[in-house]
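Trainee: First the structure, which I've put down as structure tokens, then a few questions once you've had a look.
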Amino acid sequence: MLILVWMLLLMLVDFQKALRTLPPGPSDRRFILHGATAVVLATMVAGLFELNLGDSEVLTMFLVVAGCGYVATEAVDTEAVDKEPTEPKESAVA
């Protein structure tokens, strides 16, 4: 049970970190990350009343949304790496 709570909190932290690195303004990644955060929070609140991740339908929906959130997070990380300044390399001419 404690590991499940840790996983859900880690997902929230990862999604919020990715949101903070996005440039301001509307974007698809921002939409997906906000939606994934909302689903994680809704699952946590619903989990207070019943074990909702025990149902295969709920678990499948949750995992798909979490996966989409991590795909958007990875895309944000890739953009950050692409935008890093690179120094021109000296070409070796023989």
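The values are calculated or read from the model by the stated rules, or taken from the named source; none is laboratory data. What you see is a predicted model, and the numbers here were worked out from it, not measured in a lab. Cβ atoms come from the backbone with ideal geometry, glycine included; neighbour counts cover every protein chain shown.
Trainee: For a quick check of your reading of the model, give me the residue pairs whose first member lies in the range 50-65 and is closer than 15 Å to M7 by Cβ, whose second is surrounded by 12 or more Cβ atoms within 10 Å (Cβ to Cβ) and among the β-branched types (V, I, T), with beta-carbon atoms closer than 6 Å and at least 6 apart or on different chains.
Mentor: Matching pairs, first to second residue: N52/V58; F62/T43; V65/V39.
Trainee: Report yes if L53 is surrounded by 11 or more Cβ atoms within 10 Å (Cβ to Cβ), in a helix (DSSP H, G or I), hydrophobic (A, V, I, L, M, F, W, C) and over 17 Å from the mean Cα position of the chain (by Cα), otherwise no.
Mentor: yes
Trainee: Which residue is modelled with the lowest pLDDT, if the candidates are limited to the range 21-49 and must be within 18 Å of M1 (Cα to Cα) and either in a helix (DSSP H, G or I) or among the small types (G, A, S) (or both)?
Mentor: Step by step, filter the range 21-49, then rank; the result is G47.
Trainee: Starting from residues that are within 18 Å of N52 (Cα to Cα) and of a type in the set (G, A, S), keep the ones in the range 1-41 and report whichever is surrounded by the most Cβ atoms within 10 Å (Cβ to Cβ).
Mentor: Top of the filtered list is A36.
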